[in-house]
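The values are calculated or read from the model by the stated rules, or taken from the named source; none is laboratory data. In this text the structure is predicted, and so the values were computed from the model without any measurement. Virtual Cβ from ideal backbone geometry, glycine too; neighbours counted across all protein chains shown.
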Amino acid sequence: MLFTTQQPDQNQKMTTRFTGLYPATLTPFNKDGSINLEGIDKYAKHFIDGGMDGVFVNGTSGESMSLSINERKKVIEEWVAANKKYNGKLQIIAHIGAQSVEDSKELAKHAESVGAAGISAMAPAFFKPKSLEQLIEYLNEIAKAASNTPFFYYHFPGITGVDFPVHKVLSEGAKKFSTMRGAKFTGYDMRDLNKSISLEGGRFDLLNGFEFLWLPAVSIGGVGAVGLSANLCPELFRDIEKYGQDKDAKGLAKAQEAQRKIIQLFDIIEKQENYMSPFKHIMKWLIGIDFGPVRTPLKNMTDSEAEEMIKQLEALGFKTNQ
Ligand SMILES: CC(=O)N[C@@H]([C@@H](O)[C@H](O)[C@H](O)CO)[C@@H](O)CC(=O)C(=O)O
């Protein structure tokens, strides 16, 4: 592994850097629609055994905006408990973004109280902050509710419609609250990503959110990635991480090949209406955990669509672990 992370004790928590690979987690449901907590335990063990650096929990892939506040708390508690139970070193980043600042504050406090390594919040999408100042004011309120936990701004303009330059959010945010640790950068603006990575001597941690752009991100100094597809193919992320800046043409070719394979994977996934239903089927095939359905209004794939998708993945060279 090229980048290593350390599990912080309480005193180290604020100075620990976040680098490496953070799979975006899915939320397993039972058939009756309740959360399958037992599924989370096995899922966490899978990532611990696989040597992941951390996990990004209750984000977009975790269907967080379709979960109640209480469910979101239970999910985080289960991840933290499983990490402890298996002596894991996962840095658990809890996404605590919501439409109401009060909900986010409650989730931030809770995440801190149970021992999440970091928290992250996207901007609200209904009543949007219309200026950078309003966004910072909003993030400040949330970050203050967990003043001993590193904070990541979740930049995702494609969904929130809130699109201020991340390097400005970081520099202005850090003037207001000392916990500003970095951003989960789910955007296409490589100039902004570049400026954010190099800002103030590289003091912020940028977690790249679109895996189509992982190699370009590594080539400009990116050292951290969150991705739903890291559930299936962490080795492709690791190849890009390892060889993305290789001076040797053969090494670099490995990184390019891995990047192309991730893009081909998404050509298959994107035949579906959303990313979560396909990945729930993929994870059942891969590791045998039944993730159940996605929550309405998202559309569930049919079993025959899932079978066809798995055949296409196998044709691309993906194999089940079972
Ligand atoms: C918005 C979104 O789903 N982003 C994914 C990506 O893995 C994404 O599914 C992929 O790049 C396709 O857009 C992750 O970066 C983060 C994520 O899933 C999350 O917040 O849970």
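Things to note:
- Set G209, G227, G173, G187: member being more than 19 Å from the chain's Cα centre (by Cα) and on the phi < 0 side of the Ramachandran plot: G173
- Given (1) over 18 Å from T60 (Cα atoms); (2) touching a strand residue (DSSP E or B) at 6+ places or on another chain (Cβ under 7 Å), index of the condition H110 fails: (2)
- Looking only at residues in the stretch 60-78 that are assigned to a loop (DSSP other than H, G, I, E, B) and within 10 Å of the ligand (Cβ to nearest atom), the one that is surrounded by the fewest Cβ atoms within 10 Å (Cβ to Cβ) is E63.
- Residue check: S104 meets all listed conditions (1) small (G, A, S); (2) surrounded by 20 or more Cβ atoms within 10 Å (Cβ to Cβ); (3) within 20 Å of F204 (Cα to Cα) but one, namely (3).
- Pairs where the first residue, in the stretch 134-157, is farther than 10 Å from A121 by Cα and the second is assigned to a helix (DSSP H, G or I) and of a type in the set (D, E), C-beta under 6 Å, 6+ apart: I136/E172; A146/E112; T149/E112
- Annotation note: of L37, L26, the sole residue that is touching a helix residue (DSSP H, G or I) at 6+ places or on another chain (Cβ under 8 Å), under 20 Å from I96 (Cβ atoms) and away from the ligand (no atom under 15 Å from the Cβ) is L37.
- Identity of the residue in the stretch 258-306, of a type in the set (V, I, T) and in a helix (DSSP H, G or I), that ends up farthest from T27 (Cα to Cα): I263
- Some residue of the stretch 130-146 being within 27 Å of T15 (Cβ to Cβ) and within 14 Å of the ligand (Cβ to nearest atom): no
- Test: residue in the stretch 153-161 that is away from the ligand (no atom under 16 Å from the Cβ) and not hydrophobic (A, V, I, L, M, F, W, C): no
The rows are residues; the columns are (1) modelled with pLDDT under 95; (2) crowded, with 18+ Cβ neighbours inside 10 Å.
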| residue | (1), (2) |
| --- | --- |
| Y188 | no, no |
| R191 | no, no |
| K195 | no, no |
| E200 | no, no |
| R203 | no, no |
| G209 | no, yes |
| A249 | yes, no |
| E257 | no, no |
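- Selection from the stretch 267-290 of residues that are surrounded by 16 or more Cβ atoms within 10 Å (Cβ to Cβ) and within 14 Å of the ligand (Cβ to nearest atom): I268, I269, Q272, N274, Y275, M276, S277, P278, F279, K280, I282, M283
- Residues in the stretch 145-175 that are surrounded by fewer than 15 Cβ atoms within 10 Å (Cβ to Cβ) and under 26 Å from G115 (Cβ atoms): S147, N148.
- In the stretch 184-210, residue farthest from K168 (Cα to Cα) [restricted to those that are within 11 Å of the ligand (Cβ to nearest atom) and either in contact (Cβ under 8 Å) with a residue 60 or more places away in the chain or not in a strand (DSSP E or B) (or both)]: F210
- Residue check for S120: part of a strand (DSSP E or B), among the hydroxyl-bearing types (S, T, Y) and closer than 14 Å to A24 by Cβ: yes
- Total residues in the stretch 223-257 satisfying the condition of being under 23 Å from N194 (Cβ atoms), within 13 Å of the ligand (Cβ to nearest atom) and outside any helix (DSSP H, G or I): the figure is 4.
- Lone unmet requirement of (1) crowded, with 24+ Cβ neighbours inside 10 Å; (2) part of a helix (DSSP H, G or I); (3) not acidic (D, E) for L213: (1)
- Taken over the stretch 112-136, the criterion of being surrounded by 14 or more Cβ atoms within 10 Å (Cβ to Cβ), over 19 Å from the mean Cα position of the chain (by Cα) and within 17 Å of S171 (Cα to Cα) is satisfied by L132, Q134, L135, I136.
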